[in-house]
Structure formats: C-alpha cells, structure tokens
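This report refers to the structure that appears directly beneath it.
The values are calculated or read from the model by the stated rules, or taken from the named source; none is laboratory data. None of the values given here were measured: they were computed from a predicted structure. Ideal geometry is used to build each Cβ from the backbone, glycine not excepted, and the neighbour counts take in all protein chains shown. Accessible surface areas use protein heavy atoms only, side chains included; no ligands, DNA or RNA. Shrake-Rupley method; radii C 1.70, N 1.55, O 1.52, S 1.80 Å.
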Amino acid sequence: MDDQLFEKIKSGAYKTKDNAGRWAKEVAKRTTNAVTHAKLAFAVNETNSKVKDIYAEIGKTIYSDYLDGKDAPEELKPSLQQIDKLMEEIDALNSKIAELKNSLKCPECGAFNATDAGFCSKCGTPLEAASSDVCDTVDEAFAQAEEAESGTEPDEDDGDEVIIINPKKPE
C-alpha cells in the first residue's frame, strides 16, 4: 500500500513539475511579447515625433519663403497670414516685457538690451540712448499701458490696479 501511495505522489509531482514548466514557458512568452510590444510602440512614437519635426521644418521653410516674397500655394495663404498676426502679437507682448524690464529693442535685429548699452549685444548695431518715455517703475508702466488702452488719463495710483494682457486667439 505504501508503494502505491508513493507512486501516486511521485506521479502527481511529475505532473505538477510538467505543468509548472508549461506555465513558466507561457509566462516567458507573454513577457517577451509584452516587452517587444512596448519596444515597438516606443519606436512608433519616436518615428511619429520625427515626422512631426519634418512637418514643422517644411512649414518653417514655406513660411520663410512667404516672408521672402516667394509665391505660396493659395490654400496655405490664410494660415501664413494667421502666423503673421500671431508673430505681431508675440512682438507686441515682448515689447511690453522689454518696457517693464526697462530694456531697449535693437532696431536692426530686434534683440533686447540694457538701457545703458551702447551697442546691441547680439548684432553690434549702435543703440540710441533710452528715450524719456521709458518707465521707471512697474506701476508707471501699468498706468501708461492703461492710458494708452483707454485713451484717458490714468487714475491716482491706489495700488489695486492690475492690467491683464490677453493675446488674441487665432482666427
């Protein structure tokens, strides 16, 4: 009787070992598939990113050609004009930042320089001395901006006024 029990235990152990081996192979296969899938998905994302970079470069080239006066396809002209408007907004916002920082904008390259700079730090163009309309304080800059916007004289400074500049949304 002990031999039969021993054989049953031995047989069960071999079956368990075989099943464990099959399970281990299946887990290894699925893990390999998951790792391979992750690597492939990463490669797809990287390739998509490269394609987007190329699209952006094509767009920059077309826009640069448009700025140089070269003819652009008719279907792209509204988008190119929209970029013009957005670039003007960026320039206006940067000018406001420069005013707040008490900076001078180079008339040649557009770089911002310290008010006491004699020459542009980017291109070397001689800079004119700061004009008298440069604000000495942030409060003064806000008051001038508000005056320019409303066309009226600024109120006395009560310290509570804040101007929020919201860029226009593209059309």
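Overall, region 1-54 carries a charge dipole of about 220 debye about its Cα centre when +1 sits on the Cβ of Lys and Arg and -1 on the Cβ of Asp and Glu, all other atoms neutral.
Distance between the modelled labels on Arg30 and Gln4, one decimal in nanometres: 3.9 nm (7 Å Cα→Cβ projection). For region 48-74, list residues with backbone N below 18 Å from a point placed 7 Å from the Cα of Leu80 toward its Cβ? Within reach of a label on Leu80: 55-74.
With both labels modelled 7 Å from their Cα along Cα-to-Cβ, the Lys52 to Tyr14 distance reads 5.9 nm.
If you rank Asp18, Asp65 by how much accessible surface each has, with a 1.4 Å probe, what is the order from largest down? Kindly include the intermediate steps, with their values, before the conclusion.
Working: Asp18 80, Asp65 50 Å².
Sorted by accessible area, descending: Asp18, Asp65.
All other residues whose Cβ lies under 10 angstrom from that of Leu127 are scored, Lys and Arg at +1 and Asp and Glu at -1, for a net of -2.
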